[in-house]
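Following: one structure in structure tokens, then a few remarks.
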Amino acid sequence: MARKTRQGIEYQLLELGGVRYVIVRESIFEQLCRRAHMNWQELTVNKEELKPGLDLDGPSLAEKLIRRRVASGLSQAELARRAGVRPETLNRIERGRTTPDFATVRKLVIAMNTAERDHAAQTISKPHGIRSPE
Amino acid sequence: MMSAKTDRRGETLPSRDFVLAEIKQMVAKQNGVALATLEEDTDLMADLGYDSLDVVELVMSLEEHFNIVVPEETLDKATTIGRITDTVIELLR
């Protein structure tokens, strides 16, 4: 049943598994996000890419991948190149706009692990000497 | 004639119970859940909230641990602990 806030915004209440959800029109949600200074584009998940069981992992997976990539010291373009993934695809994944399949995630993880190992090996083989004050 | 318990190289294959226990242990360690709560029909994605990154990381640990290569197409089908165990057993043969 549709309800209305004092400001005239229509919404519906829904209870699923003991959790209450407020359903508002997408345009209203977009406005609310804008007012909260949240980037609406980064919150959206491409509907065509939604699969059962995967539909909630868009943004959090994106965040985790970004954190992993930054930790491995790779730029988005560099990771895309090393993993053999199109840069636009990686960009969409990192914005939570597409849910990558296992094969793509695996390529990204392997590329990040390799970069981390290379980085660690470099640090060991070429230690930066402690400079004495001049 | 090789017995059913050996692979092509004649090495003894681990039992299904052993592989299942190892996988449960790896999942418990990765996900921080109590080992006792994990069942064969526990679905990594639906029950434990795994995303594709978590699944891939587990699979890569399994590959290293059991010295196997898990083909990508099996990942889509096998996200319960029981099915992952069967996949590993199959690949160990």
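Shielding of peptide A:95-106 by partners, expressed as the average count of other chain Cβ atoms within 10 Å per residue Cβ, is 4.
Label sites at residue B:93 and residue A:88, each approximated as a point 7 angstrom past Cα along Cα to Cβ, lie 4.4 nm apart. Relative to the 2.2 N^0.38 Å rule of thumb, chain B has a C-alpha radius of gyration ratio of 1.09.
In this simple spin-label approximation, residue B:15 and residue B:31 carry label points 7 Å from Cα along the Cα→Cβ vector, and these lie 2.5 nm apart. Extending 7 Å from the Cα toward the beta-carbon at both residue A:66 and residue A:9 defines two label points whose distance is 2.4 nm.
Shielding of peptide B:46-57 by partners, expressed as the average count of other chain Cβ atoms within 10 Å per residue Cβ, is 6. Taking Cα atoms only, the orientation of helix B:16-31 departs from the longest principal axis of chain B by about 30 degrees.
As a proxy for reagent exposure, B:45, A:38 were ordered by neighbouring Cβ count within 10 angstrom, fewest first; the result is A:38, B:45. Summary of packing: across the peptides A:60-66, B:80-86, the per-residue average of other C-beta atoms within 10 Å ranks them, highest first, as B:80-86, A:60-66.
Since every read-out is calculated from the coordinates, none of them should be taken as a lab result. Remember, predicted model here, so these are calculated numbers, not experimental data. We place every Cβ from the backbone using ideal geometry, glycine too, and count neighbours over all the protein chains shown.
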